[in-house]
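First the structure, in the form of structure tokens, and then the observations on it.
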Amino acid sequence: MRARLAVVLAVVLAACGGAGRAVPQSPAASSGPGDGNPSGELTVFAAASLTDAFEAIGRRFEQDNPEVDVLFNFASSSTLATQIAEGAPADVFASADEKQMRVVEKAGLLASEPIVFAGNTLQIAVEPENPRGIEDLADLARPDITSVLAAEEVPAGRYAREALERQGVEVEPASLETDVRAVLSRVALGEADAGIVYASDVMTAGGDIDGVTIPPDRNVSASYPVALLTGASNAAAGRAFIDALLSDEGQRTLREDGFVAP
């Protein structure tokens, strides 16, 4: 795939030097869906939990639109919202919660109404075959269990704390990670016994991680909205990418990676 993360990150870092500046709208940002097949570079800022599904959808999108190069920037939704508000150039923003989408909306940087395109639930990530015998959120409070969580400002971290509060469980995490994939990595590397992640993360981890189900009455549902940004330099491709997410094929890819219907 031609998605070049390093290029996007370099542009993000350069753009964030001017805090509070929106990227000027280019003529391409006003092009309509009937202006022909999309072309050029498309920059998508997406929550870290969307990495596998979006890379697959991005490859297919490039196959269907050979004149488009899709560039992804994956990070926590809170980090991405801050980057966008500080002027990082992007065409599309896909968040793991509606709160961070509202941050971008309040900054006046949404060019379209956000559309919820997927949902998710939480699971407890444990090492393969669950050697520590973790069966419930309450087990994360055991003194012999090392747990990690995403930071509080990260959607996965906020959802995790909400689930723990529902069960009345207090956990002192060994670390607070920058995004949900970092939580998953700590468990996969054996640096933690457990972490609260999305069900989709457990599914895409394959045999590196097992997941412990959290009952529905103690679980938290995540909503994933997507929107076109006012600073989009390739609005036509951005709209086409959002359409691809909402298509039957895009939705099927998301389901295969553990996401649920919005």
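The apolar share of the surface of segment 64-137, taken as the fraction of accessible area on carbon and sulfur atoms (1.4 Å probe, ligands and nucleic acids excluded), comes to 43 percent.
At full extension, S39 and L189 could sit 50.0 nm farther apart than now, given 0.36 nm per residue minus the alpha carbon distance. Heavy atoms of the protein chains alone define the surface here; on that basis the chain has 43 Å² accessible area per residue at 1.4 Å probe size. With each label modelled as a point 7 angstrom along the Cα→C-beta vector, the L246-R142 pair spans 4.7 nm. Note on K99 and A261: the extension gain reaches 56.4 nm, defined as 0.36 nm multiplied by sequence separation minus the Cα-Cα distance.
Using R0 = 30 Å, the C-beta based FRET efficiency linking R59 and S112 works out to 0.80. Note on the chain: with a GNM built from Cα contacts shorter than 10 Å, the maximum mean-square fluctuation among V126, V212, V169 falls on V169.
Net charge of the neighbourhood of R218, taken over other residues with C-beta under 12 Å away and scored Lys/Arg +1, Asp/Glu -1, is -3. Placing pseudo-labels 7 Å out from each Cα toward the beta carbon at V169 and D217 gives an inter-label distance of 1.6 nm.
Provide Rg over Rh for segment 175-262; use the alpha carbon set for both Rg and the Kirkwood Rh (inverse mean inverse pair distance). Dividing the radius of gyration by the Kirkwood radius yields 1.05. Note: relative contact order over the chain, using C-alpha pairs below 8 Å and six or more positions apart, is 30 percent. Contact order, relative form, for segment 46-119: 34 percent (alpha carbon pairs under 8 Å, 6 or more residues apart, mean separation divided by residue count). Seen from a random direction on average, the alpha-carbon convex hull of the chain projects onto 13.5 square nanometres.
The alpha carbon radius of gyration of segment 126-238, expressed as a multiple of 2.2 N^0.38 Å, is 1.19.
Across segment 198-262, the mean sequence separation of Cα contacts (distance under 8 Å, 6 or more residues apart), normalised by length, yields a relative contact order of 44 percent. Dipole check for the chain: with +1 at the C-beta of Lys and Arg, -1 at the C-beta of Asp and Glu, and the Cα centre as origin, the magnitude is about 700 Debye.
The values are calculated or read from the model by the stated rules, or taken from the named source; none is laboratory data. Please read these numbers as outputs of a predicted model, since none were measured by experiment. Counting neighbours? That spans all protein chains shown, and the Cβs are built from the backbone with ideal geometry, glycine included. Areas reflect the complete protein model, heavy atoms only, side chains present, ligands, DNA and RNA absent. Shrake-Rupley method; radii C 1.70, N 1.55, O 1.52, S 1.80 Å.
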